[in-house]
Amino acid sequence: MNALLLAVPFFLLLILIAAAPIFFEAQWRKIYKPVSFFFGAALLVIYFFIGKNYVAIENTCSEYFSFISL
């Protein structure tokens, strides 16, 4: 899978998190959750429908939830 395809939504979200509160703070507070959900959903679509590496997805989710539950 093309690493750039996976990195683009992540970097766009990072840029928005860093720059949006500076340039349009009031609007960003209202749209932060939908924008974050959109980029997260975009990554899921890329992983599930383009990558089709379900074992890696399962392992990553397992590691993520075990880390979060600490």
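The values are calculated or read from the model by the stated rules, or taken from the named source; none is laboratory data. What you are looking at is a predicted structure, and each value in this text was computed from that prediction instead of being measured. No Cβ is skipped: glycine too gets one built from the backbone with ideal geometry, and neighbour counts run over all protein chains shown. Heads up: the accessible areas ignore ligands, DNA and RNA and are worked out on the full protein's heavy atoms, side chains in. Shrake-Rupley method; radii C 1.70, N 1.55, O 1.52, S 1.80 Å.
In sequence order, segment 55-64 has phi-based couplings of 5, 5, 5, 4, 5, 5, 4, 4, 5, 4 Hz under the Karplus curve 6.51 cos²θ - 1.76 cosθ + 1.60, θ = phi - 60°, and Gly or Pro positions carry x. Share of carbon and sulfur in the accessible area of the chain stands at 73%, probe radius 1.4 Å.
In loop segments of segment 5-70 as defined by DSSP, the trypsin sites (Lys or Arg not before Pro) with at most 15 further C-beta atoms inside 10 Å of their C-beta are 52. Using R0 = 25 Å, the C-beta based FRET efficiency linking residue 6 and residue 33 works out to 0.70.
Across the alpha-carbon set of the chain, the Rg to Rh ratio works out to 1.06, Rh being the Kirkwood radius. Using the average count of surrounding beta-carbon atoms within 10 Å as a protection proxy, the listed peptides 57-64, 9-16 rank, highest first, as 9-16, 57-64. Here the spin labels are modelled as points 7 Å beyond Cα on the Cα-Cβ line, and at residue 41 and residue 65 they lie 2.2 nm apart.
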